[in-house]
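Heads up: the structure comes next, in structure tokens.
The values are calculated or read from the model by the stated rules, or taken from the named source; none is laboratory data. Note that this is a predicted model, so its numbers are computed, not measured. Cβ: placed from backbone, ideal geometry, glycine included. Neighbour counts: every protein chain shown.
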Amino acid sequence: MLKVPVAAALRLERLRVCGLLLWWLLLELEHFPGWWLLHIFTVLQFFCFGWVLKTKTYFSRNSPVLLLGKCYHFKYEDEDKMLPTTSGCTIEDHVIAGNVEEFRKDFISRIWLTYREEFPQIEGSALTTDCGWGCTLRTGQMLLAQGLILHFLGRAWTWPDALNIENSDSESWTSHTVKKFTASFEASLSGERELKTPTISLKETIGKYSDDHEMRNEIYHRKIISWFGDSPLAVFGLHQLIEYGKKSGKKAGDWYGPAVVAHILRKAVEEARHPDLQGITIYVAQDCTVYNSDVIDKQSASMTSDNADDKAVIILVPVRLGGERTNTDYLEFVKGILSLEYCVGIIGGKPKQSYYFAGFQDDSLIYMDPHYCQSFVDVSIKDFPLEVLWIKS
């Protein structure tokens, strides 16, 4: 008897129900006005892609955990002594002995960008969601966001409130889904959202922090988030990325491969006109080869300022690690990349299913999953909720 894992069985059942609903809609098309069909399809997309089966993640205390160049070892938690040389962390790694909470804070502080629904309509289409097709664009956004965090805030930065947000494990995945399904349907009846320019007040958090450095960091990380808003005016938002993708023959609703997304990100950074982004460029390697002279030329041409701190080159290397499936011989190479202090992560995974890989323990990779549908967040308003942009567990 074939045994199907619980998550796979639920996914198959969900797809079966979605298929039946879609078949019913096709039979009943003539009985619905056009605007109702659009709302029904939006709700159906959420039903198909908005459910997530939450599972616990377990780590071993006997092996180091690498997260974007930082090495944590929980075996020596609460022990005030240096790690032995046999701990598994190399000299180049930034070692933090023990302290599970520090690891959680570091991981939660990575910006998590997922499917969204009910955002302003994408030009040239009727789509107001990227459910089912936008995962590679979302993982590309996460990769670029990490690069910007490294540039403006540094690798040591973590979100001060990371451990204070509500733990998503406190609510079951079923009840959460029912609430979002109901909210999605009600929102579909409330009319269009007003489009606003994403401008964040840089003075809104002045009284929250004790020193200028902390306040500056808060200003910058809110600014970074605003660049990825789901609005046509957000410089690295989904709408802009889709516009740049048209030159590669892509349109809204298509699935984007990692290599195409790399070039879309390069173009988006090149075309960005925000003053803070003028010293940043993206270099996309050709044929898996990085030429030092090309990288230096990229940096030199990025801006006229002589201040090296204003300049940064994000290097992206599109590569296929195997044929039909990932070749395990490349695993050590992948782990080596994720161990680098200035690594911005890896995107990809299965055909038409992209993840953002940020670390590993032993031979298991740590990743962030964009395949979760959340509601549109208007980042043009003051004090927009930061919690929806971070992993909560």
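Name the one entry in LYS251, LYS311, LYS352 that is over 23 Å from the mean Cα position of the chain (by Cα) and touching a residue at least 24 places away in the same chain (Cβ under 8 Å).
Answer to the selection: LYS311.
May I ask you to list the residues in the stretch 308-347 that are farther than 27 Å from CYS131 by Cα, among the small types (Gly, Ala, Ser) and modelled with pLDDT of 95 or more?
GLY336, SER339 - these are the residues of the stretch 308-347 that are farther than 27 Å from CYS131 by Cα, among the small types (Gly, Ala, Ser) and modelled with pLDDT of 95 or more.
I need the full set of residues from the stretch 326-380 which are touching a Ser or Thr at 6+ places or on another chain (Cβ under 6 Å) and of a type in the set (Val, Ile, Thr), in order please.
Within the stretch 326-380, ILE347, VAL379 qualify.
In the stretch 108-156, what residues are hydrophobic (A, V, I, L, M, F, W, C) and touching a Ser or Thr at 6+ places or on another chain (Cβ under 7 Å)?
Within the stretch 108-156, PHE119, CYS135 meet the criteria.
Restricted to the stretch 367-393, and to residues that are charged (D, E, K, R) and modelled with pLDDT of 85 or more, which residue is farthest from THR129 (Cα to Cα)?
So the residue we want is ASP369.
State all residues of the stretch 267-286 that are more than 15 Å from TRP227 (Cβ to Cβ) and under 17 Å from the mean Cα position of the chain (by Cα); if no residue qualifies, say none.
Once the filter is applied, which keeps residues that are more than 15 Å from TRP227 (Cβ to Cβ) and under 17 Å from the mean Cα position of the chain (by Cα), the stretch 267-286 yields nothing.
Can you tell me which residue among GLY140, GLY154 is assigned to a loop (DSSP other than H, G, I, E, B), under 30 Å from TYR256 (Cα atoms), modelled with pLDDT of 70 or more and small (Gly, Ala, Ser)?
On inspection, the qualifying residue turns out to be GLY154.
Consider SER231 carefully, then state whether it is in a helix (DSSP H, G or I) and surrounded by 16 or more Cβ atoms within 10 Å (Cβ to Cβ).
No: the conditions fail for SER231.
Which ones in the stretch 266-294 are buried (at least 16 other Cβ atoms within 10 Å of the Cβ) and aromatic (Phe, Trp, Tyr)?
TYR283
Take the stretch 238-248 and flag every residue that is out of contact with any helix residue (DSSP H, G or I) (no Cβ under 7 Å at 6 or more places or on another chain) and either without any contact (Cβ under 8 Å) to a residue 12 or more places away in the chain or of a type in the set (S, T, N, Q) (or both).
LYS246
How do the helices (runs of 4 or more DSSP H) wholly within the stretch 247-358 filter down when requiring 1 or more residues that are more than 21 Å from LEU148 (Cα to Cα) and touching a strand residue (DSSP E or B) at 6+ places or on another chain (Cβ under 6 Å): which remain?
In the stretch 247-358, the matching helices (runs of 4 or more DSSP H) lie at 331-338.
Residues that are among the hydrophobic types (A, V, I, L, M, F, W, C), in contact with a helix residue (DSSP H, G or I) (Cβ under 8 Å, 6 or more places away or on another chain) and modelled with pLDDT under 90: does the stretch 348-366 have at least one?
No, the stretch 348-366 has no match at all.
So, in the stretch 261-281, exactly how many residues are in contact (Cβ under 8 Å) with a residue 60 or more places away in the chain and touching a Ser or Thr at 6+ places or on another chain (Cβ under 8 Å)?
Total meeting the criteria: 4.
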